[in-house]
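Chemist: One structure coming up, written as structure tokens, with questions to follow.
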Amino acid sequence: MTTASTTTSPPSSTRKSAWSATDAIKDLILAEGLRPGDPMPTESALCDQLGISRSSVREAIRTLASLDIVEVRHGHGTFVGDLSLSPLVNGLIFRARSDAHEDLRTLREVLAVRIALDLAMADRLADEYAGTEDDELTGLVEAMTQKAANGELFIEEDRTFHHLLLEKVNNRLISELVGAFWTIHTDLQPHLGVAPGADIVETARAHGEMLAAVQAGDASAYREAVQAHYAPLQRAVERALTDREQ
């Protein structure tokens, strides 16, 4: 009696080769001290240098490009990527949208992370901003306040405010995490049907209170302002969750 072949080694071997090539190329980037924007060796050079096949190199480059580790510029070559948090952002957004039962809970968790990141910087921000003035941040607060009074959203001003506020901290990872979770939050909110709330005036005012607190060197007041900043959206999310459960 003959039996059907169940051999699956070729595809498995191919995947293993691709992942080995991915690791090898990452190791090469580190060993060569390549930085974002630096040109990568050509495909043939990678094959020769790493001792791997052309197909494995190509699949590895596609994988690394999806992770923002390399960037393929057609007609120009392959370069070291920005190494941003874009894969994290896109993955979390997709996960939330793909699960209709957990989407609002994901937004609630994202808000919790944003609050935690902002609160974690309280003492550092108070130290850096104490006794200072910042016309650009003040202008953003005024723009948000005016828009809120007119019943308008102020998404771009909000993003810029949070980005600029952290510049004095000089912590790139914190800045990128705050930016990443801001993007996830603002992307998810309209897709989940969560209204920004009629109390956007409260949110705009909280930005001014955050700025005034750090300029006064008052970390405690800053923490209170952060909580006030997110309170309207937290209430909106909780209302939406309650409505869904009824």
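Chemist: For segment 221-246, which positions are of a type in the set (S, T, N, Q) and in contact (Cβ under 8 Å) with a residue 12 or more places away in the chain?
Modeler: Going through segment 221-246, the residues of a type in the set (S, T, N, Q) turn out to be 227, 234, 242, 246.
Matches in segment 221-246: Gln227, Gln234.
Chemist: How many residues are under 13 Å from Leu211 (Cβ atoms) and either among the β-branched types (Val, Ile, Thr) or not assigned by TED's automatic domain parsing to the domain that holds Tyr230 (or both) if we restrict to segment 119-159?
Modeler: Residues flagged as under 13 Å from Leu211 (Cβ atoms) and either among the β-branched types (Val, Ile, Thr) or not assigned by TED's automatic domain parsing to the domain that holds Tyr230 (or both) within segment 119-159 amount to 4.
Chemist: Could you say which residue among Ala231, Ala221 is among the hydrophobic types (A, V, I, L, M, F, W, C), in the same structural domain as Arg114 (by TED's automatic domain parsing) and within 17 Å of Val110 (Cβ to Cβ)? Quick ask: steps written out before the conclusion?
Modeler: Details: Ala221 fails: within 17 Å of Val110 (Cβ to Cβ).
The unique qualifying residue is Ala231.
Chemist: Considering only segment 236-246, I want to know if a residue exists there that is closer than 24 Å to Ala120 by Cα, in a helix (DSSP H, G or I) and among the basic types (Lys, Arg).
Modeler: no
Chemist: How many of the residues in segment 63-93 are closer than 16 Å to Ile29 by Cβ, within 22 Å of the chain's Cα centre (by Cα) and without any contact (Cβ under 8 Å) to a residue 40 or more places away in the chain?
Modeler: Of the residues in that region, 6 qualify.
Chemist: Based on what the data block shows, is Glu167 over 25 Å from Ala126 (Cα atoms) and surrounded by fewer than 14 Cβ atoms within 10 Å (Cβ to Cβ)? Steps first, answer last, please.
Modeler: Details: over 25 Å from Ala126 (Cα atoms): no; surrounded by fewer than 14 Cβ atoms within 10 Å (Cβ to Cβ): yes.
In short, no.
Chemist: May I pose another question? From the list Ala96, Ala126, Ala100, pick out the single residue that is at pLDDT 85 or above, among the hydrophobic types (A, V, I, L, M, F, W, C) and more than 13 Å from the chain's Cα centre (by Cα). First the steps, then the outcome.
Modeler: Numbers: Ala96 fails: at pLDDT 85 or above; Ala100 fails: at pLDDT 85 or above.
Step by step, each of Ala96, Ala126, Ala100 is checked, and only Ala126 is at pLDDT 85 or above, among the hydrophobic types (A, V, I, L, M, F, W, C) and more than 13 Å from the chain's Cα centre (by Cα).
Chemist: With the checklist (1) within 30 Å of Arg239 (Cα to Cα); (2) among the charged types (D, E, K, R); (3) assigned to a helix (DSSP H, G or I) in hand, flag the one item Asp123 doesn't pass.
Modeler: (1)
Chemist: Give segment 13-53 a look and list any residue that's more than 17 Å from Ala65 (Cβ to Cβ), small (Gly, Ala, Ser) and either at pLDDT 85 or above or not assigned by TED's automatic domain parsing to the domain that holds Leu64 (or both), or say none.
Modeler: Scanning segment 13-53 gives Ser20, Ala31, Gly33, Ser44, Ala45, Gly51, Ser53.
The values are calculated or read from the model by the stated rules, or taken from the named source; none is laboratory data. Owing to the predicted nature of the structure, the values given are computational and were not obtained by experimental measurement. Cβ sites come from the backbone with ideal geometry, for glycine too, and all protein chains shown count toward neighbours.
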